[in-house]
């Protein structure tokens, strides 16, 4: 979550220095500028905007492997926010100084996407406090240790000193955070009460262990020691670094967390149990805007709610057909309970059981690799493998996720399956998970995007959730149309995963636009899906702190299917599924309205 928000920040952070035709007293430079086409100058501007955004964010620099400000944190002050707004306005002026009609087709798309992003960045500034920057899903309190542990690498002494400087910088980060939380509180924007025990406990966990308490080393001290121990320097240098880090933890990190915990306890006393964004100032307008940004459509909350209800009903009917096909006696609710509890659908929670899961998932991916020519013309160079989530993080990690390949080819794409609790990984969902996270899902989309040429960085590193997750969900359906999911129980698993995303449309809009309570949302999941109650609780709590986010998946899938079916209808025998998929993927992540334009242009060219 953090990385995605940082990418967005890097794309939308813009700078006062524009990119109109440069003027210089040097004849050679002037001549080069004269020879540049409008597209070349525009692309240079896109690059400048993106990299300036990166360089304004020490945290994102670290994600990009840049160590210029390796000892710093991002500036989270209100002054910086106002500065960013001014820069966005200036860069929009600069962008519009280009003659769009003189740009090539690809650069015109980039122009439109940057213009749209800047316009939205400016107009959305009024909503900058309509979020919960500390919650159970993400937040500065958890970002700081996670970032230091997972992103701040120590390869030499200067890196170690930068780590210590970041430890000493935590008080300023948290001071800015507290001011940010208070600015929201003054507007009546406070997270519901259920959030606070999560974030307070998480914060307290950072202060467990040396040097804060007796016992084993705390998470951060253990991380620093482990990294420094690998340096090829004298032991006394290592000891000195550890001593400095210990001082920083005691003098800076400890007091910062104690202050934050004290503030959060006070804020909790001001919180209530109202869950929806409707409680915010201008809450209805904010939520409708959030839906527009998330789905990249103009669908209203009522329309999305209705779509969700219709999709739930349709999927229930398809599930009933499977129930009848396998000869189950009982209603759909009973069949869902059977699917949830019958031991035949779960591999044993042993090393042998986990090995079999990985082997079977790999076989599914390998089979799909052999059939890619049926679906795609352009295919990624990068390979993809299936791995188990590592033991050190499997307890907290999601059930399945994809890691993109290294751009230099040194690492393949990876579909990670979380086998910590085998009862959370029913075999009937194995196929759909493999197709979604692997092939033809996220690996095809993300790896191809990463390998595209002639696309500016802000498009390669950016993303639109409705497009990305819409493709992932669409990729669960495509194998069904190829004759896969031969086991009806596996097809039920596909439907169960689609059903979960359909329910999200109902519950997200229910909570934020129709004043549903947290319990109403949980009950809807429990009564309409085969998932465990605990899944419903986590999902509803996610809805509450991330309004609109979960609507992207199904809306994106529906749009891709709609575009495909319209193209089929218009082209008849001229329709080629491989060409359609190329149109969807060959320009990287885009808003759904832009994707629709691509497909319409393709259809028109085929009709010729």
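The numbers here are math on the coordinates, done by the rules we state, and not lab data. Not measured: the values here are computed from a predicted model. So basically every Cβ, Gly included, is an ideal-geometry build from the backbone, and we count neighbours across all protein chains shown.
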**OP:** Please say if segment 111-257 is rounded, prolate or oblate, where rounded means a/c under 1.5 for a ≥ b ≥ c the square roots of the C-alpha gyration tensor eigenvalues, and otherwise the choice is prolate for a/b larger than b/c and oblate otherwise?
**Re:** oblate
Subject >> Gain upon complete extension [residue 378, residue 237; 0.36 nm per residue less C-alpha separation] >> reply: 45.5 nm
**OP:** Enter the Cα centre distance for the pair segment 318-366 and segment 472-518, rounded to the nearest angstrom.
**Re:** 16
Original post:
What shape does segment 198-308 have by the C-alpha gyration tensor, where a ≥ b ≥ c are the square roots of the eigenvalues, rounded means a/c under 1.5, and otherwise prolate means a/b greater than b/c and oblate the rest?
Top reply: prolate
Subject >> Sites residue 216 and residue 397, calculated FRET efficiency, Cβ-Cβ separation with R0 25 Å, nearest 0.05 >> reply: 0.65
Original post:
Can you give the relative contact order of segment 252-408 as a percent, counting alpha carbon pairs under 8 Å and 6+ residues apart?
Top reply: 8
**OP:** Show me 85-92, 44-51 ranked by packing, highest mean number of other Cβ atoms within 10 Å first.
**Re:** 44-51, 85-92
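Taking the beta-carbon count within 10 Å as an exposure proxy, list 184, 542 from fewest neighbours to most. Each step should come with its number before you reach the end.
On the way: 184 20, 542 16.
By the 10 Å Cβ count, ascending, the order reads 542, 184.
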**OP:** With both partners inside the chain, how many of the DSSP beta bridges are antiparallel, as a percent to the nearest 5?
**Re:** 45
Subject >> Alpha-carbon Rg with Dmax, taken over the chain, Å >> reply: 25.5, 86
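Would you kindly state how much longer the chain becomes between residue 366 and residue 120 on full extension, computed as 0.36 nm times their sequence separation minus their alpha carbon distance, in nm to one decimal?
84.4 nm
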Original post:
So what's the back-of-envelope 222 nm ellipticity for the chain, counting only DSSP H runs of four-plus at -39500 (n - 2.57) apiece and dividing by all residues, rounded to 500?
Top reply: -20000 deg cm²/dmol
**OP:** Work out, step by step, the length gained on full extension between residue 598 and residue 269: first 0.36 nm times the residue separation, then minus their alpha carbon distance; give nm to one decimal.
**Re:** 113.3 nm
**OP:** Would you mind getting me the FRET efficiency between residue 321 and residue 410? Use the beta-carbon distance for r and R0 = 41 Å, nearest 0.05.
**Re:** 0.30
Subject >> Rel. contact order, % - alpha carbon contacts under 8 angstrom, at least six apart, segment 140-273 >> reply: 39
Original post:
How do the peptides 124-131, 460-467 rank, highest first, by the average count of neighbouring beta carbon atoms within 10 Å per residue?
Top reply: 460-467, 124-131
Original post:
Can you give the relative contact order of the chain as a percent, counting alpha carbon pairs under 8 Å and 6+ residues apart?
Top reply: 14
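Listing 415, 286 from the residue with the fewest other Cβ atoms within 10 Å to the one with the most, what is the order? All intermediate terms of the calculation are to be shown ahead of the outcome.
On the way: 415 27, 286 23.
By the 10 Å Cβ count, ascending, the order reads 286, 415.
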